[in-house]
Amino acid sequence: MMFARRCFVFSLAVAAFLSSPAAAAADDTIKVGVVVEMSGPFAPYGHQITNGMRAYMKAHGEKAGGKKIELVVKDTTGPAPDLARRVAQELVMRDHVQFLAGFGLTPNAMAVASVATEARVPMIVMNAATSAITAKSPYVVRVSFTLPQVTAPIAEWAAKNKIKKVYTLVSDYAPGLDAEATFKKVFAANGGEVVGALRVPLKNPEFAPFVQRIKDAKPEAVFIFTPAGETAVAFMKAFSERGLDKAGIKLIATGDVTDDDVIDAMGAAALGVITTHHYSAAHKSPENDAFKQAYAAVTGAGARPNFMAVGGWDGMHLIYEVANKLGGKIEGDKAVAAAKGMTIQSPRGAILIDPATRDVVQDIYVRKVQKVDGKYFNVEFDKVAKVKDPGKS
Ligand code: PHB
């Protein structure tokens, strides 16, 4: 009820804003409102995304469509849908941004989708990966990935590599449920069986008892999805402390778990883990070399960009292309139309914005954690070409 009223008040304000001359008056700047996690346990998400965006701007100049591009960054402090919604409304109403962008975490992206719809502002999702986000608003365009898109290839890989009985463990929120459901379906279709499924809290899970249960069930492998970062490090620690590796239980996952930002902190415990994902810092291409160089120019040498930084870079690339196509005059509907069907040469390989779904189509890589020149990396050894979210093909 409260929520409905708040939406209604916001709708009135948006209607007034859209018809006001101030909104129509074009100036020399295109403002991008960035809604990201800049503090709290998920702070690396916001820093990776904004550094990726800034790296793109540094490498390509701060103008597109003849206008200056300006970022206005707002912190959601973590998974905080109400706050995300409020800052997005402020960005639209007060800062008059022409794009909303960022979104590390699904709950924040879900909460902002209706703001994008009401204000008719394109919303560029640079990480959040629950399949349904793009269906929440016709103004959402996603450049990152979806959990079903990166999970289906690992389920196929496992079944083809003689793994038949798997236990799954996922974080108990939308992307985790997407991963769990996709793994089960695709693995079964390829002759495998999920023998048990656990869901752990998104925040500060205590992994030891969960991991012990999996060990006692003696599956051939465990498939896991947790959001990148601290949680994944905690899981890896519990997995090796409880001796699952020594008990012969293999670990397979989406690449979120062995994310480039934390893989060195996991160290030897992660060696040999097979994952599927859309980006590895070890990807070999001239575009990736240029990206890593530009990223280092923003952060200083030594910081490794991860898949979220690539999302920030590619999202900015898309915004530049759209601004150029529209000659700097950004209208929400025209901007989304311009983005549909666009192909972008990303540091991960070419990506396409599917005109039917506004979701990303891309190659997904099969990788193995290895030590290269004294550091841990996800080394790609196979790929599945042009993968769509399996629920959207
Ligand atoms: C999400 O909340 O959508 C999310 C966050 C981190 C990931 C993947 C998905 O690594």
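Taking helices (runs of 4 or more DSSP H) as the structural unit, those lying wholly within the stretch 207-295 and holding at least 1 residues that are free of Cβ contacts under 8 Å to residues at least 12 places away in the same chain and either over 28 Å from residue 195 (Cβ atoms) or of a type outside the set (Ser, Thr, Tyr) (or both) correspond to 207-217.
Yes/no matrix, rows are residues, columns are (1) within 16 Å of the ligand (Cβ to nearest atom); (2) within 26 Å of residue 188 (Cα to Cα):
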position: 207; (1), (2): no, no
position: 210; (1), (2): no, yes
position: 217; (1), (2): no, yes
position: 226; (1), (2): yes, yes
position: 231; (1), (2): yes, no
position: 234; (1), (2): yes, no
position: 237; (1), (2): no, no
position: 242; (1), (2): no, no
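Of all the criteria given as (1) among the charged types (D, E, K, R); (2) farther than 18 Å from residue 276 by Cα; (3) over 19 Å from the mean Cα position of the chain (by Cα), the one not satisfied by residue 358 is (3).
The residues on offer are 58, 31, 74, and the sole one that is basic (Lys, Arg) and without any contact (Cβ under 8 Å) to a residue 60 or more places away in the chain is 74.
Suppose we keep only residues that are surrounded by 24 or more Cβ atoms within 10 Å (Cβ to Cβ) and farther than 25 Å from residue 203 by Cβ within the stretch 102-119. Which one would you say is farthest from the chain's Cα centre (by Cα)? Only one residue fits best here, namely 119. Go through the stretch 110-149 and count every residue that is within 12 Å of the ligand (Cβ to nearest atom) and part of a loop (DSSP other than H, G, I, E, B). So the count comes out to 8. Could we say that residue 90 is at pLDDT 95 or above, more than 11 Å from the ligand (Cβ to nearest atom) and either under 27 Å from residue 230 (Cβ atoms) or not aromatic (Phe, Trp, Tyr) (or both) here? Yes; evaluated as a whole, the condition is true for this residue.
When we screen 170, 186, 150, 141 for residues that are touching a residue at least 40 places away in the same chain (Cβ under 8 Å), of a type in the set (A, V, I, L, M), within 30 Å of residue 81 (Cβ to Cβ) and in contact with a His (Cβ under 7 Å, 6 or more places away or on another chain), the only hit is 150.
Within the stretch 357-374, the set of residues being in contact with an Asp or Glu (Cβ under 7 Å, 6 or more places away or on another chain) and under 24 Å from residue 269 (Cβ atoms) comprises 365, 366, 367.
So that you can scan it fast, the table gives a plain yes or no per residue for (1) within 16 Å of the ligand (Cβ to nearest atom); (2) over 17 Å from the mean Cα position of the chain (by Cα); (3) modelled with pLDDT under 95:
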{"residue": "151", "(1), (2), (3)": "yes, no, no"}
{"residue": "161", "(1), (2), (3)": "no, yes, no"}
{"residue": "166", "(1), (2), (3)": "no, yes, no"}
{"residue": "169", "(1), (2), (3)": "yes, yes, no"}
{"residue": "176", "(1), (2), (3)": "yes, no, no"}
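Filtering the stretch 198-227 to residues that are among the aliphatic types (A, V, I, L, M) and more than 24 Å from residue 272 (Cβ to Cβ) leaves only 202. Total residues in the stretch 294-309 satisfying the condition of being buried (at least 24 other Cβ atoms within 10 Å of the Cβ) and more than 10 Å from residue 55 (Cβ to Cβ): the figure is 3.
The values are calculated or read from the model by the stated rules, or taken from the named source; none is laboratory data. Everything numeric in this text was worked out from a predicted model, so none of it was measured. With ideal geometry, Cβ positions are generated from the backbone for all residues, glycine too; neighbour counts draw on all protein chains shown.
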